[in-house]
Amino acid sequence: MRLGMIVDYAGGFEETADLLVDYENAGLQLAAVAEAYSFDAVSQLGYFAARTRSLELASAILQVYSRTPALMAMTAAGLDFVSGGRFTLGIGASGPQVVEGFHGLPYDAPLGRTRETIEICRQVWRREPLAYQGKHYTVPLPADQGTGLGKPLKLINHPVRSRIPISVAALGPANVALVAELAESWQPLFFHPGHYRRAWGEALDKGTALRDPALGPLDIMLQVPFAVGDPDPRVIGKVRDQLALYIGGMGAADKNFYNQLAQRYGYVDEAAEIQHLYLSGRKAEAAIAVPEDLVRAVSLLGTEAEIAEQVREFEAAGVSTLLLNPLAPTAERRVADVATLAGLV
């Protein structure tokens, strides 16, 4: 089990960069930076590459709509270069609220765009002249759509690695099947080790049947809230609030991927109630309505013995990387919690 974490610099970016060294010494192996519609992740990852020596780095995630596939490949190769081969390219389709609302682009064909982005990135990293004809991307641009001067080009630099690992955030069955077929790693969210087969079993089997053995086993890179100690109502409340936000209010009522996931887990009535309460402005009641079983299943919260059992459940479900979201109140305690977990795994 590899230990990573989502970097949160709420306390200050410099302080977080300093703490990464402490986390690394405590047993952390991977630091991932989110993007959404905040500061870009790439500049931060470059800074962390300069401040660390062995810590692996990942994006969690870069949206396939916000960069051309060739720029995505160049960016990944650049981060892999400055980190000495420590970078994993985490990508995803995000959602229409961000893509259309912030980038002003139509949220069309997320599945097809993800597939073509992966294929183009790997062609660029192999330093082949980039010639690609897909449904969504054609490189070079056809003469009748531009000046006619475009020609296949290959990356000037020699990448550190000709195949940089790709991790894809996916929730829908079709997207998960694509990930199991094409990517080195999968980033689900709110992964229930007891119910995941109900939500994704068929999709994982379908994709795995088409998977190139050279990719190796699929690395499940799981974001998970984390705190060691007797259950703290305030910590559990944070998890409930996050689940209520995503299940109840993340997207339009009929386009909420997380609500649909909760339903596929079997929480059909509960998901409807959470969404109704949240969209009615009754957010505290929505959080209370989140099932206790779901809160516990998607978290690493409790005593060392309880967390050790939870880790075994994740391992049995195929999780191989934990992206921790430490919830302890102080930096010192968060570092100590990571050291404790490193000893357990």
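The values are calculated or read from the model by the stated rules, or taken from the named source; none is laboratory data. Worth saying up front: this structure is predicted, and the values here are computed from it rather than measured. When we count neighbours, we look across all protein chains shown, and the Cβ atoms used for this are built from the backbone with ideal geometry, even at glycine. Ligands, DNA and RNA are excluded from the accessible area calculation, which covers all protein heavy atoms including side chains. Shrake-Rupley method; radii C 1.70, N 1.55, O 1.52, S 1.80 Å.
Would you mind working out the magnitude of the charge dipole of segment 170-245 relative to its Cα centre, with +1 at each Lys and Arg C-beta and -1 at each Asp and Glu C-beta, to the nearest 20 Debye? Don't skip to the answer; put the middle values down first.
Values: 7 positive and 9 negative charges, 53 e Å.
Value, rounded to 20: 260 debye.
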I'd like the chymotrypsin sites (Phe, Trp or Tyr not before Pro) in segment 38-112 restricted to DSSP loop residues with at most 15 other Cβ atoms within 10 Å, sorted by number. PHE39, PHE102
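Only four residue types carry charge here, +1 at the Cβ of Lys and Arg and -1 at the Cβ of Asp and Glu. Report the dipole size of the chain about the Cα centre in Debye, rounded to the nearest 20.
Numbers: 30 positive and 39 negative charges, 236 e Å.
About 1140 debye.
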For segment 64-133, whose charge dipole is built from +1 on Lys and Arg Cβ atoms and -1 on Asp and Glu Cβ atoms, the candidate among THR117, TYR107, ALA76 with its Cα farthest towards the positive end is ALA76
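Per residue, how much space in cubic angstrom lies within the convex hull of the C-alpha atoms of segment 189-331?
Here the figure is 125 Å³ per residue.
Would you please name the trypsin sites (Lys or Arg not before Pro) within segment 75-160 that are DSSP coil residues with at most 14 other C-beta atoms within 10 Å of their C-beta? Intermediate results must be reported in sequence, preceding the final value.
On the way: sites: ARG86, ARG113, ARG115, ARG122, ARG126, ARG127, LYS135, LYS154; in loops: ARG86, ARG126, ARG127, LYS135, LYS154.
Those satisfying the criteria are ARG126, LYS135, LYS154.
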Determine the dipole magnitude for segment 1-85: charges of +1 sit on the beta-carbon of Lys and Arg, -1 on that of Asp and Glu, nothing else is charged, the reference point is the Cα centre, and the result goes in debye to the nearest 20. 300
Per residue and in cubic angstrom, what volume does the convex hull of the Cα atoms of the chain have? 138
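Might you tell me the accessible area per residue for the chain, computed with a 1.4 Å probe and given in Å²? Mind showing how you got there, number by number?
Working: 15670 Å² over 345 residues.
Per-residue value: 45 Å².
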Suppose a student asked you for the relative contact order of the chain, using Cα pairs under 8 Å spaced at least 6 residues apart; what percent would you report? 18
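Would you please calculate the Kirkwood hydrodynamic radius of segment 199-246 over all C-alpha pairs and express it in Å, rounded to one decimal?
Numbers: mean 1/r = 0.0704 Å⁻¹.
Hydrodynamic radius (Kirkwood, Cα only) of segment 199-246 equals 14.2 Å.
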Give me the percent of accessible area attributable to carbon and sulfur for the chain, probe 1.4 angstrom. 55
Mean projection of the alpha-carbon convex hull of segment 43-188 over all orientations, in nm²? 9.3
In the chain the DSSP beta bridges are antiparallel at a rate, in percent to nearest 5, of 5
